[in-house]
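The values are calculated or read from the model by the stated rules, or taken from the named source; none is laboratory data. Being a predicted model, the structure only gives us computed values, none of them experimental. Every residue, glycine among them, receives a Cβ derived from its backbone with ideal geometry; neighbour counts consider all protein chains shown. Only protein heavy atoms, including side chains, enter the accessible area calculation; ligands, DNA and RNA are left aside. Shrake-Rupley method; radii C 1.70, N 1.55, O 1.52, S 1.80 Å.
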Amino acid sequence: QVQLVESGGGLVQPGGSLRLACAASGSIFGIYTMGWYRQAPGAQRDLVAGITSGGYTNYADSVKGRFTISRDNAKNMVYLQMNSLKPEDTAVYYCNLRIRTRNYWGQGTQVTVSS
């Protein structure tokens, strides 16, 4: 079993920055992908950024150039640096770990961008 715990969410003004962290624990081995998803009220849960074990990354078009995903394989952690935040970034952010077709999710952390 795999457990994921997010941290770092909060309230920030437009143009500000936040750094999210996700700690993974449990039976983690082999090749796996980690990522961040977000879900705003009334919306679907969408991919924000993903990163493979080898360090390949992909981002949603809406966050390219503003967000950076990284991971520490030794610590089983993944991070999301969010800069130049906009009100439309407001959502619950979820950490995800995928091994083959099996997905694990964190509990989510609220990010609110407002003046």
(message) Here is a check on your reading of the model: is residue 97 farther than 13 Å from residue 20 by Cα and in a strand (DSSP E or B)?
(response) yes
(request) Please find, within the stretch 31-49, the residue that is least open to solvent (accessible area, probe 1.4 Å) out of those that are of a type in the set (Gly, Ala, Ser) and in contact (Cβ under 8 Å) with a residue 40 or more places away in the chain. (result) 35
(request) Return yes or no: is residue 68 more than 21 Å from residue 3 (Cα to Cα), among the β-branched types (Val, Ile, Thr), open to solvent by 60 Å² or more (accessible area, probe 1.4 Å) and without any contact (Cβ under 8 Å) to a residue 40 or more places away in the chain? (result) yes
(message) Need the failing condition index for residue 25 against (1) in contact (Cβ under 8 Å) with a residue 24 or more places away in the chain; (2) surrounded by 15 or more Cβ atoms within 10 Å (Cβ to Cβ), just the number.
(response) (2)
(request) Could you tell me which residue of the stretch 53-65 is nearest to residue 32 (Cα to Cα), considering only residues that are of a type outside the set (Phe, Trp, Tyr), modelled with pLDDT of 95 or more and open to solvent by less than 70 Å² (accessible area, probe 1.4 Å)? (result) 57
(message) Within the stretch 89-112, does at least one residue satisfy the condition of being hydroxyl-bearing (Ser, Thr, Tyr), in contact (Cβ under 8 Å) with a residue 40 or more places away in the chain, farther than 20 Å from residue 12 by Cα and open to solvent by less than 40 Å² (accessible area, probe 1.4 Å)?
(response) yes
